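Have a look at the structure below, then the notes.
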Amino acid sequence: MLRLLICVEHRENRVSPAVLRLISAASSLGESATFCLCALGSRIEGLAQKVCRYRAEKIYLVDHGNLEHHDPRVMVRAIDAVVCEDKPDVVLFPASADGRDLAARLAMRKGAALVSNATAWRVENHSLVVTKSVYSGRLTAEIRLPKEGLKIVSLRSGVYPPASLQSFESPIIHVACDIPETSDDWEYVGFASPSDRLQDVTEAEIIVSGGAGLKTKENFQMLHDLANRLGAAVGASRGACDAGFQPYSHQIGLTGKTVAPKLYLALGIDGAVQHLAGMRHSKVIVAVNTKREAPIFQVAQYGCVCDALEFVPALIEEMQRVRCQSPS
Ligand SMILES: Cc1cc2nc3c(=O)[nH]c(=O)nc-3n(C[C@H](O)[C@H](O)[C@H](O)COP(=O)(O)OP(=O)(O)OC[C@H]3O[C@@H](n4cnc5c(N)ncnc54)[C@H](O)[C@@H]3O)c2cc1C
């Protein structure tokens, strides 16, 4: 049986939603794996309470004043202390910027096998088989990790649903270790939270996503209007982000976010393999494109060959009409 250690990413005493999806990914291995959680930081006792009912065997806490700010060089030492205590087969990180940074540093420190940006995994003949996109999303590779030795994986958790609460309460283990102060050549300046208040695409059940076909930033505003009415998040292709229509934090695809909403509305998006790599697991895909041969239609359940700039206002108008007619 594989023993997994999941690193709990958090900020300002809030657990990242990705952590619940990683727990789901761990649970998807069924009887083949058990998992523990590991949280690092300063004054994080309250944090442990937030993750203590997700069926983890144990929750390791490294609570130390020198872990107040995110300094990966210091944090990796704390994770190493937990690894020495727990002796897991696999350490799992979210494939966020921080998670990938720590995963690579831990792999170097421990001389461990590393797979970053994985999209799925399974156990086969007692070995972990990890899937990831390669060659700019044109191919999917399956990597069989060695049975022996420590393995480190950072996982794009978007395709796994958030784990649900369980009745079992996990025991909390405090791990003491020497954490040096951040050295002189490193200065913590501060954390800038994203300025936009847009809904996180990785957590949305409906995504209204636009591409370069929307042509201007002003036209993109109608997507925000539609998204507000649907309670949806606004996503974008890289074409749209490169053009400045939407921040990169909302880019979907190989170098953006991986999402699996119930409904993905692709407006003026061509459907390049790199975009499909981030959204093809959506339950229902609706594509609107002026070009009948656009590859997005190959993954869409519903398609409309028309101008998105006409489609969106017409859809909003129809939604208003239906709302006016329905009894309040
Ligand atoms: C290493 C690498 C990583 C990458 N990572 C990503 C990634 O994470 N995400 C990503 O999206 N891309 C990524 N790309 C870029 C990707 O290859 C495409 O260039 C990009 O997805 C194109 O964006 P687009 O579909 O919006 O633009 P375009 O390719 O310009 O397509 C625009 C589409 O809009 C249609 N259109 C035009 N006008 C209208 C209209 N009025 N109404 C309706 N449809 C209209 C056109 O027919 C066309 O299909 C990556 C590329 C590389 C090499």
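Only the coordinates and a few stated rules stand behind these numbers; no lab work does. Being a predicted model, the structure only gives us computed values, none of them experimental. Here the Cβ positions follow ideal geometry from the backbone for every residue, glycine too, while neighbour counts run over all protein chains shown.
If contacts are Cα pairs under 8 angstrom and at least 6 residues apart, what is the relative contact order of segment 27-159 in percent?
The value is 22 percent.
Strictly over 18 Å apart at the Cα level, which of K58/K87; K50/K151; K257/K283; K87/K147 would you flag in this model?
K50/K151
Taking one equal scatterer on every alpha-carbon of segment 201-325, how large is log10 of I(q)/I(0) by Debye at q = 0.10, 0.14, 0.15, 0.16 1/Å?
Debye curve over Cα of segment 201-325, log10 I(q)/I(0) at q = 0.10, 0.14, 0.15, 0.16 Å⁻¹: -0.25, -0.51, -0.58, -0.67.
May I ask what percent, to the nearest 5, of DSSP beta bridges between residues of the chain are antiparallel?
Among the beta bridges of the chain, antiparallel pairing accounts for roughly 20 percent.
Residues of segment 257-290 with backbone nitrogen within less than 18 Å of a virtual label 7 Å along the Cα-to-Cβ line of D225, please, listed as ranges.
So the set is 267-268.
Could you pull the Cα extents of segment 195-263 along its three principal axes, largest to smallest, in whole Å?
Principal-axis extents of segment 195-263 (Cα, largest first): 27, 26, 24 Å.
Residues of segment 226-264 with backbone nitrogen within less than 16 Å of a virtual label 7 Å along the Cα-to-Cβ line of A192, please, listed as ranges.
Only 247-250 pass the distance filter.
Taking N as the number of residues in segment 2-174, what is its alpha-carbon radius of gyration divided by 2.2 N^0.38 Å? Could the numbers behind the result be given before it?
Values: Rg = 15.0 Å, N = 173, 2.2 N^0.38 = 15.6 Å.
Cα-based Rg divided by the globular estimate yields 0.96.
Hey, any idea what the orientation-averaged projected area of the convex hull of the chain's Cα atoms comes to, in nm²?
19.5 nm²
How far apart, in nm, are the 7 Å Cα→Cβ label points at V129 and L165?
Here the answer is 3.7 nm between the modelled labels.
Separation of segment 83-149 and segment 253-306 by C-alpha centroid, Å?
Going from one Cα centre to the other spans 28 Å.
With the chain treated as a Gaussian network of Cα nodes joined by springs under 10 Å, which of H275, H224, H126 yields the largest mean-square fluctuation?
Highest fluctuation of the listed residues: H126.
Arranged from highest to lowest average of other beta-carbon atoms within 10 Å per residue, in what order do the peptides 245-256, 39-50, 167-178 appear? Spell out each step's value before the answer.
Details: 245-256: 21.1, 39-50: 17.5, 167-178: 12.9.
Packing order, densest peptide first, comes out as 245-256, 39-50, 167-178.
Regarding segment 273-327, what's the average projected area of the Cα-atom convex hull, expressed in nm²?
Approximately 4.8 nm², given one-decimal rounding.
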